[in-house]
1. Sorting PHE349, PHE91 by accessible area (1.4 Å probe), largest first, what list results?
2. Under a point spin-label approximation (7 Å from Cα along Cα-to-Cβ), what is the LEU117-THR283 distance to one decimal in nm?
3. To the nearest µm²/s, what D does Stokes-Einstein give for region 62-162 at 20 °C and 1.002 mPa s, using the Kirkwood radius over alpha carbon pairs as Rh?
4. Just read off the accessible area of ARG449 with the full protein assembly in place, 1.4 Å probe, to the nearest 10 Å².
5. For region 129-201, just say rounded, prolate or oblate: build the C-alpha gyration tensor, square-root its eigenvalues into a ≥ b ≥ c, call rounded for a/c under 1.5, and beyond that prolate if a/b exceeds b/c, oblate if not.
6. Please give me, ordered by residue number, the GluC sites (Glu not before Pro) of region 173-266 that lie in loop per DSSP and have at most 11 other Cβ atoms within 10 Å.
7. Specify whether the C-alpha gyration tensor of region 313-404 places it in the rounded, prolate or oblate class, a ≥ b ≥ c being the square roots of the eigenvalues: rounded for a/c under 1.5, otherwise prolate if a/b is larger than b/c and oblate if not.
8. Given LYS211/LYS249; LYS107/LYS145; LYS133/LYS288; LYS139/LYS319; LYS307/LYS343; LYS43/LYS82, which pairs have Cα atoms separated by over 26 Å?
Amino acid sequence: MAAASLSGPVPKQNILELQNGRGNKIPSSVLLLQMCRQNKEVKQLHSQLIISGLIRRPPNAARLLESYVGVSETDDALLLFKSSIQSPDTFAYNVMIRGLILSKRPKGSLLLYEQLLSEGLVPDSHTYTFVLKACSHLKAILQGKQVHAQIIKIGIGPNTHVCSSLISMYSYAGSMESARQVLDEYYEDNNDICPLNSMITGYMNEGLVEKAEEIFDTMENKDTATWSAMLSGYTKNGMHDVALVTFQKMMNYRVPLNESSLVCTLSACGALGALDQGRWIHTYIINKREIVMSANLGTALVDVYAKCGCIEFSYQLFKNMPQRDVVTWGVIISGFATHGQAKKCFQLFDEMIASGVEPNGVIFVAILSACSHAGQVGQGCHYFNQMVYQFGIRPSIEHFGCMVDLLGRAGRLAEAEQVILSMPEEPNSIVLGALLNACRIHNDVERGRYLFKRLINLEPSPDRYKLAASLFANNGEGYEIKKLVKDEDLVARCGLSNIQVDGVVHEFMVSDIANNRARDIYEALGGLVDQ
């Protein structure tokens, strides 16, 4: 029976016949639940199980719970768990703990775990795996250590999933020595790949790239997850060119690609402006039937085209996506904001709200940035207030920075300064730098001098000195600051850009003549390189 056949009503007698069918080792109700792919199908079977009275027969209620979690209906699962399962066993608790983790409610998972213990039930390896994941998400190392102690006390033997979860828990909390100790103890008698993959991810998250590479290079067996961990690590650490080289090695070794490896590689393509590589991956995804175009993968494609300058094509992909989440909306709004199309950002924001998707802080950073670059002060204030009072989002330092930049560019320096004073946390160099730049634009020397003193105490960057020199030049103070930069041997950072030509990514900066195609580049721009 195909899952599609569940779209119509399932008669009560059919369930009874299947339940009593000859030769069925697995109860037919469980088989039907396993076929469900949509919430309405699960609810339909739920109703029939109640009507037939089979809801009380093990293991129907627990399997129904599992089906609700499987279709991402955690609230329905939680209601069933609390109302219809009178004495939940360890399996039911495990399903619910996992469901809460999947719905990003790790605190609820830990509370259920405590409830399981208080009921006198004995956790199994699945319980510990899920609970340790909850500790990882919360970076709750104290709770994680308690769980680790319970595992040792109960005497659960070496288990690859428990070991991997322990390593992840310690890694996410930044305790790499403890993570390594777990790995070393486990590998006295085992040779599984999963714990090594977790260790690679932990090292990469902490920026310890060389240690991750050391494990990777010494591994005799590597699976897709191993390579994906390296790709993800390189992109997180800004090593996008190395990520693309690693991806090419994956292809050469014919390692099967999964969603994670494709998303990470597309992220690297976007950062490098490697449009040809991004297009190749797009074609690969289309031609491989086994690869499902999920919201995550579709969002990565929308992002890479937007970052590579193909905003209209990016938008077409966005419109054709069957599934779009808040991250997808954030990517396309950020794309149009980067391309200076503020009105399109506002339109997309309204469409997102109308579709029932609630914005998050990232969405508002993109919207406020668009307002800033377009000089839309009124719109910016409107969206900031909407974020705080309508959606209850606490402004982050990025939101305050956008507002300072917005007001500063418009010449409303006193208001921008008031925004900084109203911040619940100390402003960082980016926020203060935005106001200093506004002082330079509008020639507010006095306010700029005060900001400059704060900035050099916070971050004595040569770029700040150059900005201040530009502001104070008209006041006869520029020379002294330039001399200070020279005396302190401060070298200003040049902006670095990437462009892909004939499949090769080139890096260049202002006045760069080191590239062997420098002459061609400058001739194309209408100038000649001095001999």
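1. PHE91, PHE349
2. Spacing of the two 7 Å Cα→Cβ label points: 5.7 nm.
3. So the translational diffusion coefficient is about 157 µm²/s.
4. Number for this one is 50 Å².
5. Working: a/c = 1.68, a/b = 1.17, b/c = 1.43.
Note, shape of region 129-201 comes out oblate.
6. On the way: sites: GLU177, GLU185, GLU188, GLU206, GLU210, GLU213, GLU214, GLU220, GLU259; in loops: GLU188, GLU206, GLU220.
Sites meeting the loop and neighbour criteria: GLU188, GLU220.
7. Working: a/c = 1.99, a/b = 1.36, b/c = 1.46.
Here region 313-404 falls in the oblate category.
8. From the list (LYS211/LYS249; LYS107/LYS145; LYS133/LYS288; LYS139/LYS319; LYS307/LYS343; LYS43/LYS82), the Cα-Cα distance tops 26 Å for LYS133/LYS288; LYS139/LYS319.
The values are calculated or read from the model by the stated rules, or taken from the named source; none is laboratory data. A quick note: this is a predicted structure, and the numbers were derived from the prediction, not measured. Methodologically, a virtual Cβ is constructed for each residue, glycine included, from the backbone with ideal geometry; neighbour enumeration extends over all protein chains shown. Please note that ligands, DNA and RNA were not included when accessible areas were found on the heavy atoms of the full protein model with its side chains. Shrake-Rupley method; radii C 1.70, N 1.55, O 1.52, S 1.80 Å.
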